[in-house]
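*Asks:* Dropping the structure in here first, questions after.
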Amino acid sequence: MALDLRPNCECCDRDLPPSSKEARICSYECTFCADCVDKVLRNVCPNCGGGFVPRPIRPATAWRPGVSLAARPASHRRVHLSYDRAEVAAFTERVCAVPPEAR
């Protein structure tokens, strides 16, 4: 099973191609850009309450058979938040003081 490598930030809809160093994911693979994680979400996933890590970059080159971006392409399905900005802000405020490992 490979990560979906979702193509966009769920908050601002910024494009996040598979090679983006700006993509961040939570443990459920909710995907956001680094700017939204830092400035809007304050390292709180608005969907699950977890923290974020940089999304791994799938190799474009097949260094081993069957394991490359060509063999397992990134998703094209764009995902968007189910919550409005006010709901996200209230949730983030409630959770952000708790370190991700203690949530």
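The values are calculated or read from the model by the stated rules, or taken from the named source; none is laboratory data. The structure displayed is predicted, hence computed values, not measured ones. FYI the Cβ positions are ideal-geometry reconstructions off the backbone, even for glycines, and counts take in every protein chain you see. The area values use the complete protein model at the heavy-atom level, side chains included, leaving out ligands, DNA and RNA. Shrake-Rupley method; radii C 1.70, N 1.55, O 1.52, S 1.80 Å.
*Asks:* Being part of a strand (DSSP E or B) and surrounded by fewer than 22 Cβ atoms within 10 Å (Cβ to Cβ) is the filter here, so list the residues in the stretch 1-24 that pass it. Break it down stepwise before answering.
*Replies:* Taking the stretch 1-24 and keeping what is part of a strand (DSSP E or B), we get 8, 15, 23-24.
Correct list: 8, 15.
*Asks:* Restricting the search to the stretch 60-84, which residues are within 17 Å of the chain's Cα centre (by Cα) and more than 15 Å from residue 17 (Cα to Cα)?
*Replies:* 80, 81, 82, 83
*Asks:* Here's something else I'd like to know. Would you say residue 65 is over 13 Å from residue 4 (Cα atoms) and assigned to a loop (DSSP other than H, G, I, E, B)?
*Replies:* yes
*Asks:* Is it fair to say residue 58 is of a type in the set (Lys, Arg) and closer than 18 Å to residue 103 by Cα?
*Replies:* Values: of a type in the set (Lys, Arg): yes; closer than 18 Å to residue 103 by Cα: no.
Spelling it out, it is not the case that residue 58 is of a type in the set (Lys, Arg) and closer than 18 Å to residue 103 by Cα.
*Asks:* While we're looking at this one, here's another question. Test each condition in (1) open to solvent by less than 70 Å² (accessible area, probe 1.4 Å); (2) within 15 Å of residue 4 (Cβ to Cβ); (3) among the hydroxyl-bearing types (Ser, Thr, Tyr) for residue 28 and report the one that comes out false.
*Replies:* (1)
*Asks:* Looking at (1) of a type in the set (A, V, I, L, M, F, W, C); (2) open to solvent by 60 Å² or more (accessible area, probe 1.4 Å); (3) more than 18 Å from the chain's Cα centre (by Cα), which is the only condition residue 57 fails?
*Replies:* It fails just one condition, (3).
*Asks:* Report whether or not residue 43 is open to solvent by less than 20 Å² (accessible area, probe 1.4 Å), at pLDDT 95 or above and over 14 Å from residue 85 (Cα atoms). First the steps, then the outcome.
*Replies:* Working: open to solvent by less than 20 Å² (accessible area, probe 1.4 Å): no; at pLDDT 95 or above: yes; over 14 Å from residue 85 (Cα atoms): yes.
For residue 43, the condition - open to solvent by less than 20 Å² (accessible area, probe 1.4 Å), at pLDDT 95 or above and over 14 Å from residue 85 (Cα atoms) - is not met.
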